Each structure stands twice: as structure tokens, then as C-alpha cells.
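A short write-up of the structure that comes next.
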Amino acid sequence: MFDQVDWQQVWIATTETFHMVIISTIFTAILGIPLGVLLVITDRGHLWENQFIYRTVGLIVNTFRAVPFIVLVLFLFPVSKLLLGTTLGTTAATIPLVAGAAPFYARLVETAIREIDRGVIEAAQVMGASRRFIIAKVLIPEALPAIVSGLTVTCVSLISFSAMAGIVGGGGLGETAYRFGFQSFNDQMLYTCGVLLILLVQIVQGIGDWIARKIDKR
Amino acid sequence: MIQLNRVSKTYLGSKHNEEVVALRDISLTIENGEIFGIVGHSGAGKSTLLRLLNGLEKPTTGSVMIQQQEISNLDNESLRQVRQKIGMIFQHFHLLWSRTVRENIAFPLEIIGLPKAIREQKVTQLLKRVGLIERADAYPSQLSGGEKQRVGIARALANDPTVLLCDEATSALDPETTQSILQLLREIHRDMGITLVLITHEMGVVRSICDRVAVMEAGQIVEMGFVEEVFSNPKHPVTQKFLQMEMHSQDQLISIELKDGFEWANLVKLAQDYRVSLEIVSGRIEAGSKRQSVVIRFIGQEADIEKARAAISVPSRSRG
Ligand SMILES: Nc1ncnc2c1ncn2[C@@H]1O[C@H](COP(=O)(O)OP(=O)(O)OP(=O)(O)O)[C@@H](O)[C@H]1O
Ligand SMILES: [Mg+2]
């Protein structure tokens, strides 16, 4: 039944997808969490009120979120070229992936942190905690379950984004499904890649949910 | 010593430019080691006054001095130093959900950068002090209200403060738990000689713990003095009303034969309509059954309790 599946190719594609998704998820978290924190604390009446930063970050985040992902990929070709010298391959694909996912994730982190009762933050201030201390020991830990589930959602989006990025040269399961499946009239190849993507999403969601439940003490 | 000298506080309304005057020209001295109560209706300015004491709010005019230090002029760093010596507890506790009881109490000790070994020692001491040693590894979501407030108190005491501010610390608790928390505060005051400033809207709390009391109304202190004097000879109408409310407040157990078709939902409405709080002590309310007998505990004004009782019980036939 799987006689027309090139398992070697599928294996390569799977590792490429893993490569893209893992790296871009890591960078999305590295960028998205500080941006999300910034979007909360620079808001009016918060820890570090600063209208200029608040508006600027908000504007950047909204702009990136408004551009459809596939357009973003094309827009960012020059950036990949500049930074990596190429627009092809999994590493080059992570740049538009992060650019698409980090602003989305920043909003999720923002929402997670805003959920924290203001009284709790005030209690820390009253005890003489500095801003840095409050961010590290109150905002992040208290919002952690939601920050983790947000990252799960983002990672799932990154899997589907990575499949799209693959088609314009990133490699991975998306590209293999398209080139060796769709364009080569090889349905078995097409559906094998599709099923693997679905499986990947299920696994990521399952692990993310498990971790979030584990750390949620509410 | 805490000194407020001609303090006013005006908030700017968020939308239009209307101003909210929260405090008007308040002067007040609280001695070291005193237990000072502040009562007043909602919106009188009690919380605002308390928040001036740890610099959460700055006065619009006037000065706030704690142990000879002007709070409103301090830079961030010195303000943080001063705050470490002023504990505060809250109506809704404001504990960290992600930390155990032990870790919550350790929080202020982490702020001052105490080494871990000393921290643990101190926390164990505090846990014993508030009677929570068995619950040390529980999370706040697993605690009762009274236990949460005990954690709040331990946390507030961790840095050996000289002042403890309590903003309606017992308002979310039932009468019995309130008493046990007040008892704890009394013991802490006795052992540490700490200054206690507490806000409440229950005169009972003032009577049972305070040395002096200030009554607030519309941003001003309308009456202030030693508790015995104010209670035996209240001068201002607001004080008189607060005392009246306390005197007529009753705690009654009444056994009732309920009207047919009475349901749980009616009970909630009853409490709101007659401004009483009630609790079923024995018996059950089941939908659809007739003439159910229950014993209900009512807390509220005598007249309100009577009306509420009449509204739900079967008229007694014996009275003709
Ligand atoms: N941050 C704020 N911005 C604008 N107005 C405020 C602010 N904080 C308090 N106020 C106003 O100041 C007045 C006094 O408020 P405060 O919270 O001190 O009252 P309170 O006596 O503590 O009342 P309660 O018993 O309900 O807690 C109120 O009219 C309130 O609306
Ligand atoms: Mg208040």
C-alpha cells in the first residue's frame, strides 16, 4: 500500500520540519516573551509606563500580524539573503517563521500577564520588590501556565507555517508533499506527509497541554 | 511614629478632567506600638489613606512622615528600603498562586537577598508563629480563607516590620475566623510591639482590638479618639450610625417551616432583599418537597431578620 512512498525522502523532510519548527519556536519564545512583557509594563499606570515604547511595540506587532504569512515570506527574502547569504533551506526559512509567529505570541503573552491580579503585583511592590524582581518572580511565574499553552498554540501554527515556507524553498514535509506528492502525481507521498504533519501537531499539543496542567497550581 | 500633616489627595478622573477628592486636609499622628483603627463607609478614603503610608500613592499636598522620614520625597531605592519595614495585608490576600505557602512567605526574604539557609529557618519560625506548619507545602488554592490570611500575615512579618497595615483584612472571613485572625494580630502586637493600622467597616473589630479609632467620611476624619471614649460618647452622626448598626446586629438561630416550593435560589434573593446573611445549619432544601423544616442562622439587624423570617416561613396556625 505504501509501495510508492520514498521513505528516505520522507525521513529527510521530517528532520527538516523538526529543524525549522524547533529553531523558530525557540526564537519565537526568546522574542515573544520580552515583547509581551513590554506590552504590559509600559502601558498606562503599570510598572514602567512609557507611552512611546508601548505605542511603538504595539504598532510593530500589529503590522507583522496584519501581513499574511506567505507575503511575509516574500518580503523577508532580502533579510535572509543579508543575514545568511541565501533564501533557500531550513535555516533561511526560520527568519520569516519567527517574524510571523513572534508578534502573535507576544500578544498571547501579553494577555497571559494581564490576567494576573493587580493586587498581587501591588503586594510585591509594597514589600519593596524592584521592577526586575517583579517581572522575574511575579509576572512570569504567575502567568507561566498561560505562557506555556500560548507557546503550544504558537508551535502548532509554526508547523503549518513551516509547511508553507517549505514550498518557497524551505524544505520539510510541506515541500516534499508538494514536490514529490502533488507535482509528481504521487498521492501516497502526498498523504503520508499530510498524516505526519497531523501527527506532529497532535504530539505537540499533547505535550504542551500536559506541561501546562502540571505547572498550573490555581 | 506616623505623622500626616495637612494631607490632601486628589485623583484625576480617567476620561474627562473631573477631579476626585479622596482625602481633604488630614492631620493625624499614630504613636509607635499603637493599634489604630480607621472606619468609614465605602469611598470615604480609607484605602487611600493607608496607601499613602507605604508610598503606593503620593499626597497631592501635605506631608507623610514615618519614623521622621518624609515618604513622599524618597527616591525609588530608599522607598523600597522603607517599604521592607512596613508590612501590609489585604482583604483578598494577594498571594502568589504559583508558590507554596512556604515559598510565599519566603518571597519578601528573597527580595532582600537573604541566603537560602537563613531564609528557610526564618520561614519555619514564621510558619510556627501563624500556626501553619502542617500546611507549609500546600498551594494557596488548597487553603481556606483564614489560612490564606495567615500566610498573608506571615509574609508581611517576614522582614520584621515596625508597622503593619491591614486593609479590611478580615472582611472576607466569617465571624469565627475573623476572631482567630484578630487574636493572632493581638499576639503579634504583644510579642513584637509592632504598630498596627487597620481599616475595617465593622465596629466590632475596632472594639475588640484597637486603642484609638478615626471615623472617616467623604475624605475627612470626622471623629477621632480613644476607643472607650468614642464608643461611650460618639459625637458625629456617622459614628453614631456605625455604633447603632453594630449594637442591633444579631446572630440568631431560627427553626423554620418553609413555604411550599421554596428553593435554593430564593435564599440568595432573600439575603439581598433583607440585607441579612444566612446559612442553613440543619435540614435541607429540596426542590419540589413540601413543608420542609430547617434551622437557619441569620446575621443582621433584628428588624430585617424578622421580616426575612416572615417572608419564607409558613404562617403559624397556633397564633390564630
Ligand atoms: N486610582 C484612583 N483613581 C481615581 N479615583 C480613585 C482612585 N482610587 C480611589 N479613588 C477614589 O477615591 C475615593 C476614596 O477611595 P478609597 O478606595 O480610599 O475608599 P475606601 O474608603 O477605601 O472605600 P472601600 O471601603 O470601598 O474600600 C473614592 O471616591 C474612589 O473612587
Ligand atoms: Mg478600601
Sum of -39500 (n - 2.57) over DSSP H runs of 4+, divided by residues of chain B (222 nm, nearest 500)
-11000 deg cm²/dmol
Which percentage, to the nearest 5, of the DSSP beta bridges contained in the protein assembly as shown is antiparallel?
65
Accessible area lost on pairing A with B, both sides, 1.4 Å probe, Å² to nearest 100?
2100
Straight-line reach from B:K307: which lysines have Cα under 19 Å away, leaving out those fewer than 8 places along the same chain?
B:K259, B:K269
Please compute the per residue accessible area over chain A with all protein chains in place, 1.4 Å probe, rounded to a whole number of Å².
51
Ordering of B:80-91, B:300-311 by packing [mean C-beta count within 10 Å, highest first]:
B:80-91, B:300-311
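Residue separation times 0.36 nm, minus the C-alpha to C-alpha distance between B:Y11 and B:M192: what's the value?
Taking B:Y11 through B:M192 to full extension adds about 61.6 nm, to one decimal.
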Between the helical axis of A:51-66 and the dominant principal axis of chain A, each derived from Cα atoms, what acute angle in degrees is found, rounded to the nearest 10?
20
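Just the number, please: percent antiparallel of the DSSP beta bridges in chain B, rounded to the nearest 5.
Here the share of antiparallel DSSP bridges comes out near 65 percent.
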Given a 1.4 angstrom probe, I'd like the percentage of the accessible area of the protein assembly as shown that is carbon and sulfur, rounded to a whole number.
56
Given the candidates B:G131, B:F231, A:L47, the one whose Cα lies deepest towards the positive end of the charge dipole of the protein assembly as shown, counting +1 at each Lys or Arg C-beta and -1 at each Asp or Glu C-beta, is A:L47
Span from the segment A:62-112 Cα centroid across to the segment B:16-32 one, whole angstrom
52
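Provide the FRET efficiency to the nearest 0.05 for the B:E229-B:K269 pair, computing r from the beta carbons and using R0 = 41 Å. Before the final figure, lay out the partial values.
Values: r = 42 Å, r/R0 = 1.01.
With a Förster radius of 41 Å, E is 0.50.
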Over chain A, calculate the relative contact order: mean separation of alpha carbon pairs under 8 Å at least 6 apart, over the residue count, as a percent.
27
At 1.4 Å probe size, with no ligands or nucleic acids counted, give the accessible surface of A:I41 in Å², nearest ten.
10
Under a 1.4 Å probe, counting only protein heavy atoms, B:D251 has an accessible area in Å², nearest 10, of 80
Which of the residues in segment B:66-103 show a loss of at least 50 Å² in accessible area from their chain by itself to the complete set of protein chains, at a probe of 1.4 Å?
B:R80, B:R83, B:H94, B:L96, B:W97, B:S98
In percent, what relative contact order does segment A:131-218 have, based on Cα pairs under 8 Å that are 6 or more apart in sequence?
33
For the full complex of protein chains and a 1.4 angstrom probe, list B:E18, A:E142, B:E202 by accessible area with the highest value first.
B:E18, B:E202, A:E142
State which entries of B:K58/B:K116; A:K214/B:K128; B:K46/B:K128; B:K46/B:K241; B:K148/B:K235; A:K137/A:K214 exceed 27 angstrom in Cα-Cα distance in the structure shown.
B:K58/B:K116; A:K214/B:K128; B:K46/B:K128; B:K148/B:K235
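Divide by every residue of chain A the summed helix terms, -39500 (n - 2.57) for each DSSP H run of at least 4, and state the resulting mean residue ellipticity at 222 nm, rounded to the nearest 500 deg cm²/dmol.
For chain A, the value works out to -25000 deg cm²/dmol.
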Would you mind pulling out the separation of the Cα centroids of segment A:1-54 and segment B:129-194, in Å?
43
Taking 8 Å as the Cα distance limit and 6 or more residues as the minimum spacing, I'd like the relative contact order of chain B as a percentage.
18
Per-pair calculated FRET efficiency, R0 = 25 Å: B:D174 and B:A310 via Cβ, rounded to 0.05:
0.45
Please give the peptides B:213-222, B:188-197 ranked by average Cβ packing (other Cβ atoms within 10 Å per residue), highest first, as a rough proxy for protection.
B:213-222, B:188-197
What accessible area per residue comes out for chain B, rounded to a whole number of Å², with a 1.4 Å probe?
49
At R0 = 51 Å, FRET efficiency that the Cβ-Cβ distance of B:Q220 and B:I254 yields, to 0.05:
0.80
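The values are calculated or read from the model by the stated rules, or taken from the named source; none is laboratory data. It should be emphasised that the depicted structure is a prediction, and the values quoted were computed from it without experimental measurement. Note: ideal-geometry Cβ built from the backbone for every residue, glycine included; neighbour counts use all protein chains shown. Please note that ligands, DNA and RNA were not included when accessible areas were found on the heavy atoms of the full protein model with its side chains. Shrake-Rupley method; radii C 1.70, N 1.55, O 1.52, S 1.80 Å.
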